[in-house]
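Below is one structure, written out as structure tokens, with a few remarks after it.
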2 protein chains.
Amino acid sequence: MLDAVSRVRRFNRAVTSEVGALDSSFLGRGRPLGAARVLNAIGHGRSDVAEIRDYLGLDSGLLSRLLRSLEDEGLIETTAHEDDARRRVARLTRNGRREFEAYETISNMQAERLLARHAKSESLLAAMDLVASALLQGRTALVEMSPRAPAARHCLAEYYGELARRFSQGFDVSLSRDPDARDMIRPRGVFLVAMSDTLPVGCVGLKGSGGEAAEIKRLWVAPSARGLRLGRWLMETAESAARELSIKVLRLDTNSALPEAGQLYRTSGWRKIPRFNDDPYPDLFFEKHL
Amino acid sequence: MLDAVSRVRRFNRAVTSEVGALDSSFLGRGRPLGAARVLNAIGHGRSDVAEIRDYLGLDSGLLSRLLRSLEDEGLIETTAHEDDARRRVARLTRNGRREFEAYETISNMQAERLLARHAKSESLLAAMDLVASALLQGRTALVEMSPRAPAARHCLAEYYGELARRFSQGFDVSLSRDPDARDMIRPRGVFLVAMSDTLPVGCVGLKGSGGEAAEIKRLWVAPSARGLRLGRWLMETAESAARELSIKVLRLDTNSALPEAGQLYRTSGWRKIPRFNDDPYPDLFFEKHL
DNA sequence: CGCGATATCTGACTAAAGTCAGATAATGCT
DNA sequence: AGCATTATCTGACTTTAGTCAGATATCGCG
């Protein structure tokens, strides 16, 4: 019936009217949209004036005036940056925080209303995640963090859950060789998480030993972010990090129940090698010289 | 990691920036956004001034001026409505059509670009359909049309495809009692299609015989529109139409491989009855007195 | 200290969008 | 025909957003 482009355009029309509705609900608090956006940016932790300007794409003169008007309303206060008095930092006052929270409530209620009128809200959320990951593709960031950080833990939990679903015999982390977190933190290794706005959508661990050999562990991409070549990007970034750490040879184990992963390794310079550990889950082993 | 509301809000942020990008690409043709929107509304067949005003939510004075500026550019011409000279109708000139098509090209290319950078564009499209159906929920319309109309045929083809996937023995329309289209057109019956913007997302047929008994056939809701209570709405509307046609008793057949349908019938006043036909596919039979 | 670079602000504009009170003309109804 | 209603238009205005050229203050560095 409808070709692909028409379907995308129907989607665009649908969200345009919905987004417009959000904007006009923001107008209800008697403040122009520009000022409301600045207040919200500050509320969400963007304190540096340059950072706000950059985030909202505003002219420096315009932002300066908007900040002044929020200051006159008593919602924010600005002070000089402590190590550089040319820069200014903005902070919400008590009233500003109250006003910011009113905007937050509007946004949250809008979101809740949408979910409430859908009887299958889990499938709606999954679809929203997928579309958002596609739209945010260019702004996805790979962040190095501890495997114990919340975003990293989230990815690992999803990863284990997925293995449990995919392996016919299930998956129990405690039976697998769970790497010590310290081996995936510099200087021994690294742990990378792909962040798409606030959502962690993928991860990979480089588990070093201090020597010239290291292992790739825990490569995972969220279902909502598949098809965006994130796996490849994670692997390339992990390999660069390995080179920085003077690692010469990388190894990894995987399972033939994860064919996408195997395909990725084969097409990016990895070579199949014999089993090199006694972990019960993997049945395929790869190596790559850097 | 992220609760439902945060996920919706991430989605909102993602589409807000995307919509902004579409808007600014429209600016490239040297015309303010307001004028471009009016031109596009006219190009998409909205000719009545009041209709445009309503669709775009514009003040009458503002729209009047925008129409004047498009007229001065030679892109549209307005004439009095033929049955009511107070109303005006706008129409694209040859140049206007060319300009409209330039905007169409921009939108189409934007959509294609998004799809092209996604390696699983079919899953992206399915997600977009689902989100759009949810957002457009309040604007979904039930349209009575011939079962031979394109939108109706689309629904029927999807319906047959779904039966083929769901029934363990497959499904072949030619073995089933395919109702004559005329039995689902007034005055004998009706055929309803749920339109969500341009996408047909559900259908139902009321197959009459001219007498007091009629059958409900071809109830289908698109996967992207499930959870929106569309099935129930289609059934209620078909029942109202049946009452209008002085039908006293409705019957239908279904299959236990379609549990959602059976559940819907059971919770809306239908009673299980013995088999009343020799169609090989159904194994459940219902009746409802109006 | 002096000087070019940097961050923000101010002033003076313009363009776009939106508001609102009539003006104008056609229509429907008695 | 008379008159309230309806659809659109015009004029006069305000608000919001955005641009741009300097002004001001601070910083980093030789």
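The values are calculated or read from the model by the stated rules, or taken from the named source; none is laboratory data. Note that this is a predicted model, so its numbers are computed, not measured. Glycine gets a Cβ as well: all are built from the backbone with ideal geometry, and neighbour counts include every protein chain shown. Side chains included, ligands, DNA and RNA excluded: accessible areas come from the protein's heavy atoms. Shrake-Rupley method; radii C 1.70, N 1.55, O 1.52, S 1.80 Å.
A compact table of results
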read-out	value
Test set (1) within 14 Å of chain B (Cβ to nearest Cβ); (2) touching a Gly at 6+ places or on another chain (Cβ under 8 Å); (3) crowded, with 17+ Cβ neighbours inside 10 Å; (4) touching a residue at least 60 places away in the same chain (Cβ under 8 Å) - residue A:100 fails condition number	(1)
Tally of residues being within 22 Å of the chain's Cα centre (by Cα) and open to solvent by less than 30 Å² (accessible area, probe 1.4 Å) across segment B:116-129	5
Among (1) away from chain B (no Cβ under 14 Å); (2) at pLDDT below 95; (3) open to solvent by 70 Å² or more (accessible area, probe 1.4 Å), the one test that residue A:95 misses	(2)
Lone unmet requirement of (1) under 27 Å from the mean Cα position of the chain (by Cα); (2) open to solvent by 80 Å² or more (accessible area, probe 1.4 Å) for residue B:239	(2)
Failed criterion for residue A:54 (all others in (1) within 12 Å of DNA strand C (Cβ to nearest atom); (2) open to solvent by less than 40 Å² (accessible area, probe 1.4 Å); (3) not aromatic (Phe, Trp, Tyr) hold)	(2)
Qualifying residue in segment B:152-174 (condition: closer than 25 Å to residue B:247 by Cβ and of a type in the set (Gly, Ala, Ser))	yes
Of the criteria (1) touching a residue at least 60 places away in the same chain (Cβ under 8 Å); (2) surrounded by 19 or more Cβ atoms within 10 Å (Cβ to Cβ), which one residue B:168 fails	(2)
Residues within segment B:32-51 that are more than 14 Å from every other protein chain (Cβ to nearest Cβ), open to solvent by less than 30 Å² (accessible area, probe 1.4 Å) and more than 8 Å from DNA strand C (Cβ to nearest atom), tallied	5
Residue check, residue A:157 at the interface with chain B (Cβ under 8 Å from one of its Cβ atoms) and either open to solvent by less than 70 Å² (accessible area, probe 1.4 Å) or outside any helix (DSSP H, G or I) (or both)	no
Verdict on residue A:118 being farther than 30 Å from residue B:114 by Cα and not basic (Lys, Arg)	no
Condition met for residue A:18 (in contact with a strand residue (DSSP E or B) (Cβ under 7 Å, 6 or more places away or on another chain), more than 10 Å from DNA strand C (Cβ to nearest atom) and of a type in the set (Asp, Glu))	no
Of residues in segment B:112-152 being of a type in the set (S, T, N, Q) and not in a helix (DSSP H, G or I), the one nearest to the other protein chains (Cβ to nearest Cβ)	B:140
Selection within segment B:65-82 - more than 7 Å from DNA strand D (Cβ to nearest atom) and open to solvent by 80 Å² or more (accessible area, probe 1.4 Å)	B:72, B:73, B:77, B:82
Complete set of residues in segment B:185-223 that are hydroxyl-bearing (Ser, Thr, Tyr) and closer than 30 Å to residue A:14 by Cβ	B:196, B:198
Residue ID - farthest from the other protein chains (Cβ to nearest Cβ), chosen from residues in segment B:1-14 that are open to solvent by 50 Å² or more (accessible area, probe 1.4 Å) and not hydrophobic (A, V, I, L, M, F, W, C)	B:3
Candidate set from segment B:34-64 (those that are part of a helix (DSSP H, G or I) and closer than 30 Å to residue A:124 by Cβ); member that is nearest to DNA strand D (Cβ to nearest atom)	B:54
Which listed residue, of B:111, B:85, is within 16 Å of DNA strand D (Cβ to nearest atom) and in the same structural domain as residue B:37 (by TED's automatic domain parsing)	B:85
Number of the condition not met by residue B:234 [criteria: (1) over 21 Å from residue B:141 (Cα atoms); (2) touching a residue at least 40 places away in the same chain (Cβ under 8 Å)]	(1)
Selected residue (criterion: nearest to the other protein chains (Cβ to nearest Cβ)) from residues of segment B:15-31 that are within 15 Å of residue B:105 (Cα to Cα) and of a type in the set (S, T, N, Q)	B:24
Which listed residue, of B:290, B:250, is at pLDDT 95 or above and either farther than 22 Å from residue B:144 by Cβ or surrounded by 13 or more Cβ atoms within 10 Å (Cβ to Cβ) (or both)	B:250
Filter result for the condition that a residue is more than 16 Å from DNA strand C (Cβ to nearest atom) and not charged (D, E, K, R), over B:25, B:64, B:69, B:133	B:133
